[in-house]
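Readers should treat all values here as calculations from the given coordinates under stated rules, not as data from a laboratory. What you are looking at is a predicted structure, and each value in this text was computed from that prediction instead of being measured. Every residue, glycine as well, gets a Cβ built from its backbone with ideal geometry; the counts of neighbours run over all protein chains shown.
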Amino acid sequence: MGNILEFPSQQAQGMAFLDRQLRQLLTEKGADEPLIDFAAEQLTRIYSRINESERYSFSVNLPDGLSEPERDALQLEVNAGLEGIRQENHSLMLQLVAELVLAEVRLFQQRRLD
């Protein structure tokens, strides 16, 4: 049997990139390890929830009499529309994730000071 190559999903690659960037940014700002780890955990938790919400799935009952090419064209149109919506929402969701992680980090810092 041949070797199997496995690649991380696009979501896993995106999460790894965000984690590295966050850790680097916080290190450059002088954050300590507990704060960096907390921020990374929050990022992972929140980003995972966002990814789950972007997995659209639904069914459409097509009328009888559609040819296979018509059905395929309709499916492509619906998929393209959904992908456009997902991309628009994804940008906003990433911004909201960043704001929420920042709020969680600030709360964590405030609790440590008390």
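The chain: longest stretch without exposed chymotrypsin sites (Phe, Trp or Tyr not before Pro) (DSSP loop, at most 14 other Cβ within 10 Å), sites themselves excluded? Between exposed loop sites, the widest span is 59-114. Using equal-weight Cα scatterers in the Debye expression, the normalised intensity of region 75-114 in log10 at q = 0.21 Å⁻¹ is -0.67.
Shown here for region 1-101: GluC sites (Glu not before Pro) in loop regions (DSSP other than H, G, I, E, B) with at most 11 other Cβ atoms within 10 Å, namely GLU6.
Placing R0 at 30 angstrom, the Cβ-Cβ distance between ALA16 and VAL78 gives a FRET efficiency of 0.45 after rounding to 0.05. Relative to the longest principal axis of the Cα atoms of the chain, the long axis of helix 33-53 lies at roughly 20 degrees. The modelled label-to-label distance between ILE85 and ARG112, using points 7 Å beyond Cα along the C-beta direction, is 4.1 nm. Normalised by the number of residues in region 14-114, the average gap of Cα pairs under 8 Å and 6 or more apart makes the relative contact order 43 percent. Using a simple spin-label model with pseudo-atoms 7 Å out from Cα toward Cβ, SER9 and LEU102 lie 2.8 nm apart. All C-alpha to C-alpha distances of the chain, sorted into 5 Å bins beginning at zero, yield P(r) values of 2, 9, 15, 16, 12, 11, 10, 9, 6, 5, 3, 2, 1, 0 percent in whole numbers.
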